[in-house]
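Worksheet for the structure shown next.
The values are calculated or read from the model by the stated rules, or taken from the named source; none is laboratory data. Given the structure is predicted, the values throughout are model-derived calculations rather than measurements. Cβ coordinates were reconstructed from backbone atoms using ideal geometry, including for glycine residues, and neighbour counts include every protein chain displayed. Side chains are part of the model used for accessible areas, which takes the heavy atoms of the whole protein and leaves out ligands, DNA and RNA. Shrake-Rupley method; radii C 1.70, N 1.55, O 1.52, S 1.80 Å.
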Amino acid sequence: MANRTIPRLLQTPAVLLLLVWMLVPLGMTLFYSFIRYVLNSTVRPEWTTPSWSNWRGFGNYEFVLNSKDFLFAIKNSLFIVGSILSLTVVLGVLIAVLINRSFPGRGIVRVLLISPFFVMPAVNAVLWINMLLDPVLGLQGIAVGAINDMAAGMQDAPLVGWFFNLWPVLEPISFRATQTSAIAVIMMVTWQWTPFAVLIFMTSLQSEDQQQKEAAVLDGASRWSQFRFLTLPHLGRPMAIVVMIQAIFHLSLYAEIEIVSRGNGNKNLPYLIGEFTNNNIGAASATGIFAVILANIVAIFLLRAVGKTLME
Amino acid sequence: MAIVATTSRFSKIAWPTLAWVVALIFFFPIFYMVLTSFKTDADAVKPEFLFSFTPTLENYANMTENYDYWRFATNSVITSVLATLFALAVGVPCAYAMAFNPSRATKDVLMWMLSTKMLPAAAVLYPMTFLTKNVFGVFDTHFLVILVLCLINLPIVIWMLFTYFKDIPKDIIEAGKMDGLTTWGEVKEILIPLAWGGIVSTALLTFIFCWNEAYWTVRLTTIDAATLSKLIEGNRAPEGLFFGRLSAVSTAAVGPIIVLGWFCQKQLVSGLTFGAVK
Amino acid sequence: MGSIVLDKVQKKFGDVEVIPPLDLEINDGEFVVFVGPSGCGKSTLLRMIAGLEDLTAGKVNIDDNDVTEVSPAKRGLSMVFQSYALYPHMTVRKNIAFPMRMAKVPQDVQDAKIEAAAKSLNLADYLDRKPGQLSGGQRQRVAIGRAIVREPSAFLFDEPLSNLDAALRVGMRLEIMELHTKLKTTMIYVTHDQVEAMTMADKIVVLQAGVIEQVGSPLELYHTPRNKFVAGFIGSPKMNLIEGEEASKHDATTIGIRPEHVSVSTTEGMWKGTVGVAEHLGSDTFIHVHNTGLDTGEGDLFTVRISGDIAVSHGDTVYLTPQMDQLHKFDAQGLRIA
Ligand SMILES: Nc1ncnc2c1ncn2[C@@H]1O[C@H](COP(=O)(O)OP(=O)(O)OP(=O)(O)O)[C@@H](O)[C@H]1O
Ligand SMILES: [Mg+2]
């Protein structure tokens, strides 16, 4: 049919661009992951140029799998992503239900709530790790200091002085250590992405069947049963979608880790790839392939869910 | 309505109050950043000036001197705007063809496009660095940043446009055909006017995503094409010396985008969930 | 002028043949109605005539010109869609003017034509409104206005009234018929509404699975349906089709008798049964009779239509007597036996 050519032509640029974008770099990564390839080596200079003769088979994969860093990065990735997911979904549902009613200033509440989502990741990280969480100068330090000062000031007070004498001096937490910095990342990303979950759950709540709810009220269902048996099942699908989309985004979390954790040992997969890339390209590529596989496991489920609604 | 009748007076006051409290907590970090931006660097770390201080604009006045802010901001604007326009120029025709002349492959093509969005960027970090630095020599150029921003957002652009275009009744396009419209006429007289809202919000959202992008803009630039993400990332650890000026430059970097974001909340949902939640 | 000839037109969607090769002639000035069950290809056929759907094979001729490869706009046809398909971002005036603007008709001619169309369709007060601010009936009129101003050689309607409520439908039906009397332009009208088909058409085309079952005037179809399908499809309530022993008595595989050609008595008659549901409409009464012992394909349910009211209710025993001269006979292939 002649009129098929125009539509094809119109799609060509987009398809070609994405095809090249996807195939070329990924193909190179795949190739590098099977060869010995380092940027600097005085001992084996032949490894510094990529070539088939440096074939290493699954050697890079073995190397990566046996490296402590890799296991740590995987665990840490999963810890960070899992925590963010549970927090955002729970908070998201609660807040969405909370504001899914009409009250004065609801529009402003929405605007305030959604704002964190638009903060660029770099600013988010810098803001939290310095201004908010810094143990001395950040809000955390200031708050802890204020409480300690207050306790100290009250120690000489009559009647209640003994009470404040028993009060231990509070220690602010440093969020720049290996484990605590993961917590800091979880906090800042949860802050940023909870609004996203809220927004999606709210959209979905608005399409909830009101008549069904009214019928439930007539059937004597309590607020809690309505939530448990009508609202939560209704949110099942959006929850799945929120989880999958966030999983994909957060598996490649980078700026936050880079800013919060540089040099303190905390890392996730993208960060580890960045480290390997400084010299060992073979290992970086093998790690990259692992990251692709991990993302694809999630992506398959997401694509399936999205595909269902696509053509209606 | 029965539901209203069962609402007690307590819950009429308590829940909205709670909602306000939650909203203020979530907004507080932004508020605190804006507040700090009006303090001198010295005041910013002193507890006694937490909320009462003499506001100053010096942090904003000195943004160029301290951070060369406008250079990075200009780069952000140039790359984000051009990447958005370029993505639309490629995406509109594609989405149009897919929505109005779907073939059996259309669904698969869309899914495939989406899957490219899901590839972890880090996996191709070295090939991208190598190709842009050593092969094409475009490392740290506006061209490269624009191209990459366009490519990573293209799937979302096409998806969003596709969902908007699909909502236009096919009948209207066919009525146009009967009335004598050419393909270009269809686009100009019907598609663009009817989907204008959708196109604009797609553009806004893409712009926001480009502006906030923080992987490639950090890893594929050094100075010439560095954007605000790179600027902030480069000042990650001010050791408490420069909270005032850092807040000011951060506020300047995110303020306009937050405001833009307020205007496209609704589209955000369909854009980020690829139309799966409406 | 507006004679349309379809010559072995065929349509496949992929491997699915929706319309097997089909011939049809439509004379200038005729009002032709396509009827058939949902999914039988009415819209597809209409859209093939319009040029919105490519032909897999065959030819479309309009006024003896082969237009198979001609674009929709150049065929000189107007189409009115079920969804009205108005341009929502244009005012009524602009909507009506649109085809003329595309054809580069001079502005003063446009204005005059819009004026005339608005007057005859009672749209004069709404010309500056957008379609969103109009009622369903008004939107339909705008769609018709947009079709009229092109002065087409034929109008194509695809279920134009099915989105309207019952009362409006009757009104619009009359308006379209008046329009046809006035313009004397060929009209092709797709519907699955019995009444529309019977009242509006000069010629009805009955389709099933893309195949033309019969072409004829409404009364031809009513009185001499060519086969069982047409017999069952035309007329409301449906014709009673009886098989088995009762049919063999008439040397047929199937006999058909319309509900209105049966008389009902509480005392005597040919067949006996009990009343299931009796629908009293005032002017008519529909009686659904069970336990008739007849093989009607729906158990032994038999439907009768009586003019006026009759005092029967659920559970009553009634006797049915068909008018023998109104009996339709069909052979094993379902074809009419003369
Ligand atoms: N674009 C298409 N692709 C594949 N099949 C199609 C397409 N359009 C229509 N069909 C199929 O062709 C057949 C005829 O469709 P058509 O719309 O012509 O039916 P119709 O008689 O107008 O039905 P209705 O009374 O419900 O409008 C249907 O089985 C339909 O599923
Ligand atoms: Mg149809």
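Building the convex hull from the alpha-carbon atoms of the range C:4-228 and averaging its projection over directions returns 12.7 nm². An oblate overall shape is assigned to the range B:123-271, the ratio a/c of its alpha-carbon gyration tensor axes (a ≥ b ≥ c) being 1.5 or greater and a/b not exceeding b/c.
The trypsin sites (Lys or Arg not before Pro) found in the range B:137-221 include none that occupy coil by DSSP while having at most 14 further C-beta atoms within 10 Å. Loop-located GluC sites (Glu not before Pro) in the range C:247-290 (DSSP state not H, G, I, E or B) with no more than 11 neighbouring Cβ atoms inside 10 Å: C:E268. Sequence-ordered 3J(HN,Hα) estimates for the range C:212-221 from the Karplus curve with 6.51, -1.76 and 1.60 and θ = phi - 60° stand at 6, 7, 6, 10, x, 6, x, 6, 4, 5 Hz, glycine and proline given as x.
Would you mind checking the pairs B:K117/B:K230; B:K177/C:K8; B:K107/B:K170; A:K308/B:K177 and listing those with alpha carbons more than 27 angstrom apart?
Where the Cα-Cα span goes over 27 Å, the pairs concerned are A:K308/B:K177.
Beta bridges from DSSP with both residues in the protein assembly as shown: antiparallel share about 75 percent, rounded to the nearest 5.
Taking amide H atoms as placed 1.01 Å from N in the peptide plane, the amide H of C:Q214 lies under 5 Å from those of C:V206, each 5 or more residues away in sequence or on another chain.
Ligands, DNA and RNA are left out, and with a 1.4 angstrom probe the accessible area of the protein assembly as shown is 43 Å² per residue. Straight-distance candidates among the lysines for linking to C:K12, with alpha-carbon spacing under 19 Å and chain neighbours fewer than 8 residues away dropped: C:K42, C:K59. Measuring nothing but how far apart in sequence close Cα pairs (under 8 Å, 6+ apart) lie, relative to its length, chain B scores a relative contact order of 32 percent.
Across the accessible surface of chain A, with the other protein chains kept in place and a 1.4 Å probe, carbon and sulfur atoms take up 68 percent. With a 10 Å cut-off between alpha carbons and a GNM built on chain A, which of A:T190, A:T178, A:T88 moves the most? Evaluated over chain A, the most mobile residue of the options is A:T178.
To the nearest 20 debye, what charge dipole does the range B:186-278 have about its Cα centre, counting +1 at the Cβ of each Lys and Arg and -1 at the Cβ of each Asp and Glu?
Details: 7 positive and 6 negative charges, 37 e Å.
Around 180 debye, computed over the range B:186-278.
Per-residue shielding of C:77-86, expressed as the average number of other chain Cβ atoms within 10 Å of the residue Cβ, stands at 4.
Contact with the other protein chains removes 30 Å² or more of accessible area, compared with the isolated chain and a 1.4 Å probe, from these residues of the range A:134-182: A:L137, A:L139, A:I142.
Where the accessible area of chain C is counted over protein heavy atoms with a 1.4 Å probe, how much of it, in %, is carbon and sulfur?
50 percent
Across peptide A:105-113, the mean count of Cβ atoms from other chains lying within 10 Å of each residue's own Cβ comes to 6.
Normalised by the number of residues in the range C:1-147, the mean separation of alpha-carbon contacts (under 8 Å, six or more apart) gives a relative contact order of 21 percent. Peptide B:223-236 shows a mean partner chain C-beta count of 4 within 10 Å per residue C-beta.
Scanning residues 5 or more positions from B:L50 or on other chains, none has an amide H under 5 Å from its amide H, with H placed 1.01 Å from N in the peptide plane. Relative contact order for chain A: what is it in percent, counting Cα pairs under 8 Å that are at least 6 residues apart? Value for chain A: 29 percent.
For the protein assembly as shown, a simple Cβ point-charge model (Lys and Arg +1, Asp and Glu -1, everything else neutral) yields a dipole of about 2080 debye relative to the Cα centre. Taking the average, over residues, of other Cβ atoms within 10 Å as the packing measure, peptides C:151-164, A:151-164 rank C:151-164, A:151-164 from highest down. Taking the alpha-carbon distance from C:K329 and a cut-off under 26 Å, which lysines remain once sequence neighbours fewer than 8 residues away in the same chain are dropped? C:K329 reaches C:K203, C:K228, C:K238, C:K249, C:K272. Across the range A:61-76, computed HN-Hα scalar couplings (Karplus, 6.51 cos²θ - 1.76 cosθ + 1.60, θ = phi - 60°) run 5, 4, 4, 5, 4, 8, 7, 4, 4, 5, 4, 4, 5, 4, 4, 5 Hz from first to last residue, x flagging Gly and Pro.
The H on the amide N of C:Y189, modeled in the peptide plane, is under 5 Å from the matching H of C:V32, C:V33, C:F34, C:F157, each at least 5 residues off or on a different chain. Cα centroid separation, the range C:83-157 to the range B:42-99: 49 Å.
Think of it as helices only: each DSSP H run of n ≥ 4 in chain B is worth -39500 (n - 2.57), and spread over all residues that comes to -22000 deg cm²/dmol at 222 nm.
Panel values: the range B:19-158, Kirkwood radius from alpha carbon pairs, Stokes-Einstein at 25 °C and 0.890 mPa s, translational diffusion coefficient 125 µm²/s. Coupling constants for the range C:25-38 follow from the phi torsions by the Karplus curve (6.51 cos²θ - 1.76 cosθ + 1.60, θ = phi - 60°), and in residue order they are 10, 10, 7, 4, x, 6, 9, 10, 10, 9, 10, x, x, 4 Hz; glycine and proline get x.
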